[in-house]
Amino acid sequence: MLDLMPAPHLIYDEWDKHGTCSGLSPRAYFDAVRLARAAVKIPPEYGALNAPLAVAPDAVADAFIKANPGLSPQAIAIGCERNRLTEVRLCLSKDLSKDVQFHDCPAVSRRGCRRDQVNMPPVRGG
């Protein structure tokens, strides 16, 4: 999973927080994570960053919505800490072993970044 998650402790945290409640074995759970990741298209303008990029969180959300048919503004949240983009959170169907679908999750989308601009670090985990 190191090609998708940048550090072993994050992999273990993901399993502890989400995988143990999934009813799946660790292998099946992380296979489902791979399927979900494959279903999400990173917008071309963000796919191969070599250096940080200053960007508006709304522009990131709009680019993801454009690149991923079926993704709505209520199914995405851009996370940030201080002036750094930390995550793009997308809401997906719970059963990742089947057809992965986006779905609205207003509680998540309301928690998005409120800054006008953030620095997006280079992409890891293609």
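The values are calculated or read from the model by the stated rules, or taken from the named source; none is laboratory data. Keep in mind it's a predicted model, so treat the numbers as computed, not measured. Ideal geometry is used to build each Cβ from the backbone, glycine not excepted, and the neighbour counts take in all protein chains shown.
Just one of 91, 80 is more than 30 Å from residue 24 (Cα to Cα) and either touching a Cys at 6+ places or on another chain (Cβ under 7 Å) or of a type in the set (Val, Ile, Thr) (or both); which is it?
Selected residue: 80, the only one of 91, 80 that is more than 30 Å from residue 24 (Cα to Cα) and either touching a Cys at 6+ places or on another chain (Cβ under 7 Å) or of a type in the set (Val, Ile, Thr) (or both).
Anything in the stretch 6-37 that is among the basic types (Lys, Arg) and over 20 Å from residue 101 (Cα atoms)? List them, or say none.
Within the stretch 6-37, 17, 27 qualify.
Restricting the search to the stretch 105-114, which residues are surrounded by 14 or more Cβ atoms within 10 Å (Cβ to Cβ) and assigned to a loop (DSSP other than H, G, I, E, B)?
105, 112, 113
Can you tell me which of (1) surrounded by 13 or more Cβ atoms within 10 Å (Cβ to Cβ); (2) among the hydroxyl-bearing types (Ser, Thr, Tyr); (3) under 24 Å from residue 2 (Cα atoms) is the one residue 72 doesn't meet?
(3)
So, of the residues in the stretch 8-60 that are surrounded by fewer than 11 Cβ atoms within 10 Å (Cβ to Cβ) and of a type in the set (A, V, I, L, M), which turns out to be modelled with the lowest pLDDT?
Step by step, filter the stretch 8-60, then rank; the result is 48.
Can residue 78 be described as surrounded by 12 or more Cβ atoms within 10 Å (Cβ to Cβ), of a type in the set (A, V, I, L, M) and under 20 Å from residue 114 (Cα atoms)?
Yes.
Being farther than 24 Å from residue 1 by Cα, at pLDDT 90 or above, touching a helix residue (DSSP H, G or I) at 6+ places or on another chain (Cβ under 7 Å) and of a type in the set (Lys, Arg): is that true of residue 89 here?
Working: farther than 24 Å from residue 1 by Cα: no; at pLDDT 90 or above: yes; touching a helix residue (DSSP H, G or I) at 6+ places or on another chain (Cβ under 7 Å): yes; of a type in the set (Lys, Arg): yes.
So residue 89 fails the test.
From 60, 40, which residue is within 16 Å of residue 122 (Cβ to Cβ), in contact (Cβ under 8 Å) with a residue 24 or more places away in the chain and not acidic (Asp, Glu)? Write out each step before concluding.
Values: 40 fails: within 16 Å of residue 122 (Cβ to Cβ).
So the residue among 60, 40 that is within 16 Å of residue 122 (Cβ to Cβ), in contact (Cβ under 8 Å) with a residue 24 or more places away in the chain and not acidic (Asp, Glu) is 60.
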